[in-house]
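Take a look at the structure below.
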Amino acid sequence: MDVAYVPWVALGLAALNALLLMWLVFSGPDDETQRASEQLKTELMAAVKGGGEHVAADLRREMNESSRAGRQELTQNLSTFQRALVHQAAEATRTQNAQIDAFGQQLTLLQKSLSDTLSQQLSGLSESNARRMSEVRETLEKQLAQLQATNAVKLDEMRATVDEKLQTTLQARLGESFKQVADRLEQVHKGLGEMQTLAQGVGDLKHLLTNVKTRGIFGEAQLASLLEQVFVADQYAAQVATRPGSKNVVDFAVKLPGKLESGEPLWLPIDAKFPNEDYERLLDAQERADVVGAEAAGKALEARIRFEAKSISEKYVEPPFTTDFAILFLPTEGLYAEVLRRPGLMTALQRDQRVTLAGPTTLLAMLSSLQMGFRTLALEKRSSEVWQVLGAVKNEFGKFGDVLAKVKSQTETVLKTLDNAETRSRAMGRALKKVEALPDTQSQALIPHDRDFDGDPEAG
């Protein structure tokens, strides 16, 4: 018997005992008790009919005694059932223990046999797996050995090919790289030489600019270059005394359209100034973040510009021989921008000294504007001459039309004559078809050729 069924057997026996106990309780007394109850009922009915209290008391006493006897009998039956139930439970327990012991012994034997069987199967499986693994290992080792040998051969071939290509490519690249490096080094060497030359030139330029006269020459040269870019030689002049009877000459003066009654041109004075010392001191103070020094240098530069503007106004501006203003040319854009940053300086110079400041770019724009104005005036002056020429051309064009009509008529006559000559030539050709042609030598002897007509290159 299986161990798992033992609790269910015990539970079934307990349920059976409970059902028996409930049957005994609810089934009531046995046949004798039932006959006694029926007799009691009959006597009770008789007593009731008699209506006597004595009979009722006897009846109650007999019912109590009957009930007491029934309870005693029920108690005896219950005790007997309980003893029988305990005996059955003990017997069932002993039977279950015996069955459990037998089942445990069977289970032990089964476990032992199963363990032996599993051990044998596992050992056989292990031996089989070991044999298979050894076979697989031998096969893999052989294949790996073959693969390694094949890979080694291929790797050697690839290494040789790669080495060859790398060697060729490396040599070519190294050659190109060394060539480029050599070229670059040569360019760097040239650049260093040019930088040294430039540094030497800058040093020379700085040395030259420390001289006031040299700075003036530098400014005049730059001003002359700008004038040459815009004007032709007869539109401006250098070192001009713009004031009559004065020995002060301005660097350059532009000839404006229109002349005075004396025949003299109207001049626009342009003078170049280069206050380099004040400007250098200002830049040096700004680089050193010296606020006080920069302010002092800026004021000195402003005072220098005001002095130069006043000098230009007094020396070169003389209307009506000149314009009512002059131009002060500053040869560097940095200097011009620094002067423009001075608040109110430009306006004050234009108002008080009648002098306009100009840098290289500004002066070039002003000169280009003047040149456009000159061209506009020239076109206005030449407009009447252009109209006269157009009128003459119109008359000549009418005559040309008449001549062209005559040429057309004569050409049509010549074409008609040529057509008639061609017709006659074809008629003569048709008439001479039956005449035998002579050889060239005989024909030349009979009819000499005209050299002029044949176009002989030796003629004439």
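Output yes when any residue across segment 82-92 is over 30 Å from ALA15 (Cβ atoms) and surrounded by fewer than 12 Cβ atoms within 10 Å (Cβ to Cβ), and no when none is.
no
Would a scan of segment 53-65 turn up a residue that is within 30 Å of LEU19 (Cα to Cα), surrounded by 12 or more Cβ atoms within 10 Å (Cβ to Cβ) and modelled with pLDDT of 80 or more?
Looking through segment 53-65, at least one residue is within 30 Å of LEU19 (Cα to Cα), surrounded by 12 or more Cβ atoms within 10 Å (Cβ to Cβ) and modelled with pLDDT of 80 or more.
Looking at ALA145, is it within 30 Å of SER368 (Cβ to Cβ) and at pLDDT 80 or above?
no
Do we have LEU118 as open to solvent by 100 Å² or more (accessible area, probe 1.4 Å), of a type in the set (A, V, I, L, M) and without any contact (Cβ under 8 Å) to a residue 12 or more places away in the chain here?
No; evaluated as a whole, the condition is false for this residue.
I'd like the full set of residues that are over 20 Å from GLY219 (Cβ atoms), open to solvent by 40 Å² or more (accessible area, probe 1.4 Å), touching a strand residue (DSSP E or B) at 6+ places or on another chain (Cβ under 9 Å) and not in a loop (DSSP other than H, G, I, E, B), limited to segment 231-255. Break it down into steps so the answer makes sense when it comes.
Of all residues in segment 231-255, those over 20 Å from GLY219 (Cβ atoms) come to 232-235, 243-247, 255.
Now narrow it down to the ones that are open to solvent by 40 Å² or more (accessible area, probe 1.4 Å): 232-234, 243-245, 247, 255.
Checking the rest, the ones that are also touching a strand residue (DSSP E or B) at 6+ places or on another chain (Cβ under 9 Å) come to 234, 243, 255.
Result: ASP234, LYS255.
Could you please give the count of residues in segment 271-327 that are under 17 Å from ARG243 (Cβ atoms) and either in contact (Cβ under 8 Å) with a residue 24 or more places away in the chain or surrounded by 15 or more Cβ atoms within 10 Å (Cβ to Cβ) (or both)?
Residues in segment 271-327 being under 17 Å from ARG243 (Cβ atoms) and either in contact (Cβ under 8 Å) with a residue 24 or more places away in the chain or surrounded by 15 or more Cβ atoms within 10 Å (Cβ to Cβ) (or both): 18 in total.
Please count how many residues of segment 328-344 are part of a helix (DSSP H, G or I) and more than 25 Å from VAL254 (Cα to Cα).
2
Pick out the one residue from GLY219, GLY263 that is open to solvent by less than 60 Å² (accessible area, probe 1.4 Å), in a helix (DSSP H, G or I) and at pLDDT below 80.
GLY219
The values are calculated or read from the model by the stated rules, or taken from the named source; none is laboratory data. All figures in this text were calculated on a predicted structure; none of them were measured in a lab. Neighbour counts run over all protein chains shown; Cβ positions are idealised from the backbone, glycine included. Please note that ligands, DNA and RNA were not included when accessible areas were found on the heavy atoms of the full protein model with its side chains. Shrake-Rupley method; radii C 1.70, N 1.55, O 1.52, S 1.80 Å.
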